[in-house]
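A.B. asks: Here you go, one structure.
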Amino acid sequence: MFERIFPRLKFNTTKPVLWFHCASVGEFNTAKPILRPLRKDFFILLTYFSPRAREFLKTQEGFYDAVHPLPLDNPLSVKLFERQAKPYALLIMERELWYFLLKGVKAKKVLLNAYAKGSFWERVLTRQFDLILCRTEKDREIFEGYGVNAIACGNLKVVLEREEKRVSLTLREGKTIVAGSFHPQELPFLKEFYRRLLEEIGQVNLVVVPRHLSKVDVFMEGLKEFKPCLKSENREDCQVIVVDSLGELFYLYAFGDLALVGGTFAEGVGGHNLLEPAYYRKFVLFGPYTHKVKDLEEFILSKNLGFNVASPQEAVVIAKEILEGRLAYPDFNLQGFAKQVKECYLSNLYKILSNAR
């Protein structure tokens, strides 16, 4: 708390400073596609609010130059921080609307990946921004109604940039379903879905990626009626494979004909990244528990890239249509769309920051 009340910054740079605030790990991950290119021309001073972010950010040093907790929202702490940082601009992700931060900082202010809720404080505080780059045309209309310069670029969360990585997977012949980021409490749904699907169409490979590597044994035990194998065994006779390696899920979606995304089939989690399968043009099925990924759900459904299913029976009906070729993937290129979104954010940022370079 002391460093938030009396911040002390220690850095030297000849580059213009961008004070970039991401409250949490999630917001930081959303910002990563624009942080890397901005860092080529600016010194990125990153602030965060979530205590959980502190340790995580230590592993992400390639995306910023200096990191510090967000100063406490009072005139003294904010002014002390700005005096030391000397930022050309303050860039804030999504909805971090702190009164003294926005009222006190004299540098240019930009709100990124913004979405409007229509609250009183939103109306008051968003007027402090020189520019708002928001998700939808509806958001833009609301922000402009407050008297703010706003541009709709799209949701930055659709920009998923991953390093090239070779991942191998030994599969039997036939169709394959990849069930990604599953939790133990979702096993009943998965087992019922897979059992019914086998009865309907016969041979189907199932690749299960537990959300946490420590739960691999739970999945091996829970799926024992299907005689599962570990991915590391590299066997050619396994119909069900439980992945026991880290950092491969995104790339494993490429092997599937259909994907299920976990965290959505049982209460208590709220969902995981629904977009990753779509990068490989794979339909995605997800359950009703999506409160943490509502924006991604809306995007997926609006582009007809996936389906929200309420039961294993409903999931089987849709899966059969996809696996038997009766449901064609829409003519939509997510990678191309994501590129446009990223370019919109960067081009508009560089315009407002042009005098600093």
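The values are calculated or read from the model by the stated rules, or taken from the named source; none is laboratory data. Treat the numbers as computed from the prediction; the structure is a model and nothing was measured. Neighbour counts are summed over all protein chains in view; Cβ atoms, including those assigned to glycine, are modelled from backbone coordinates with ideal geometry. Protein only, heavy atoms only, side chains kept; ligands, DNA and RNA dropped before computing areas. Shrake-Rupley method; radii C 1.70, N 1.55, O 1.52, S 1.80 Å.
A.B. asks: So, R0 is 35 Å and r is the distance between the beta-carbons of residue 335 and residue 203; what FRET efficiency does that work out to, to 0.05?
C.D. replies: So the FRET efficiency works out to roughly 0.65.
A.B. asks: Taking each pair of different alpha-carbon atoms in region 199-327 once, compute 1/r for the pair, average those values, and report the inverse of that mean as the Kirkwood hydrodynamic radius in Å to one decimal.
C.D. replies: Averaging 1/r across every pair of different Cα atoms and inverting gives 15.4 Å.
A.B. asks: Using the basic label-point model (7 angstrom from Cα toward the beta carbon), what is the residue 59 to residue 119 distance in nanometres?
C.D. replies: Each label point is offset 7 Å from its Cα along the Cβ direction, giving 3.1 nm.
A.B. asks: Could you work out the per residue convex hull volume over the alpha carbons of region 1-52, in cubic angstrom?
C.D. replies: 80
A.B. asks: Please report, in whole Å, how far the alpha carbons of region 289-339 spread along each principal axis, starting with the longest.
C.D. replies: Taking max minus min along each principal axis of the Cα atoms, region 289-339 gives 35, 28, 12 Å.
A.B. asks: Let me ask another. Which value in Å is the Kirkwood Rh of region 106-170 over different Cα pairs?
C.D. replies: Radius from the Kirkwood sum: 13.3 Å.
A.B. asks: In the chain, what percentage of the DSSP-assigned beta bridges are antiparallel, given to the nearest 5?
C.D. replies: Bridges in the chain that DSSP calls antiparallel: roughly 0 percent.
A.B. asks: What translational diffusion coefficient, in µm²/s and rounded to a whole number, does the Stokes-Einstein relation yield for region 165-220 at 37 °C and a viscosity of 0.692 mPa s, taking the hydrodynamic radius as the Kirkwood radius over Cα pairs?
C.D. replies: So the translational diffusion coefficient is about 264 µm²/s.
A.B. asks: Ok, one more. Can you show me the helix-derived [θ] at 222 nm for the chain, built from DSSP H runs with n ≥ 4 at -39,500 (n - 2.57) apiece and divided by the number of residues, rounded to the nearest 500.
C.D. replies: Calculated mean residue ellipticity at 222 nm is -10000 deg cm²/dmol.
A.B. asks: Let me ask something else about it. Give the separation of the Cα centroids, region 269-302 to region 71-126, in Å.
C.D. replies: 31
A.B. asks: Report the charge-dipole magnitude of the chain in Debye, nearest 20, computed about the Cα centre from +1 at each Lys and Arg Cβ and -1 at each Asp and Glu Cβ.
C.D. replies: Taking the Cα centre of the chain as origin, the dipole is about 1680 debye.
A.B. asks: Just to confirm the number: angle between the C-alpha axis of helix 187-201 and the first principal axis of the chain, 0 to 90 degrees, nearest 10?
C.D. replies: It is inclined by approximately 50 degrees.
A.B. asks: To the nearest 10 degrees, how steep is helix 25-39 against the longest Cα principal axis of the chain, on a 0 to 90 scale?
C.D. replies: Helix 25-39 sits at roughly 60 degrees to that axis.
A.B. asks: Residue 272: accessible area at probe 1.4 Å, nearest 10 Å²?
C.D. replies: Accessible surface of residue 272 is approximately 20 Å².
A.B. asks: Roughly speaking, what % of Cα-Cα pairs in region 265-313 are separated by over 12 Å, rounded to a whole number?
C.D. replies: 59
A.B. asks: Just 199, 221, 163 to compare: in a GNM of the chain, with alpha carbon springs under 10 Å, which one fluctuates most?
C.D. replies: Residue with maximal mean-square fluctuation among 199, 221, 163: 163.
A.B. asks: Taking the Cα centre of region 1-102 as the origin, how large is its charge dipole in debye, to the nearest 20, when only Lys and Arg (+1) and Asp and Glu (-1) carry charge on their Cβ atoms?
C.D. replies: 260
A.B. asks: Once Lys and Arg get +1 and Asp and Glu get -1 on their Cβ, which of 355, 259, 66 lies farthest toward the positive end of the dipole of the chain?
C.D. replies: Toward the positive end, the furthest listed residue is 355.
A.B. asks: Could you calculate the FRET efficiency of residue 301 with residue 171 from 1/(1 + (r/R0)^6), where r is the beta carbon distance between them and R0 is 35 Å, rounded to 0.05?
C.D. replies: With R0 = 35 Å, the Cβ-Cβ based efficiency is 0.75.
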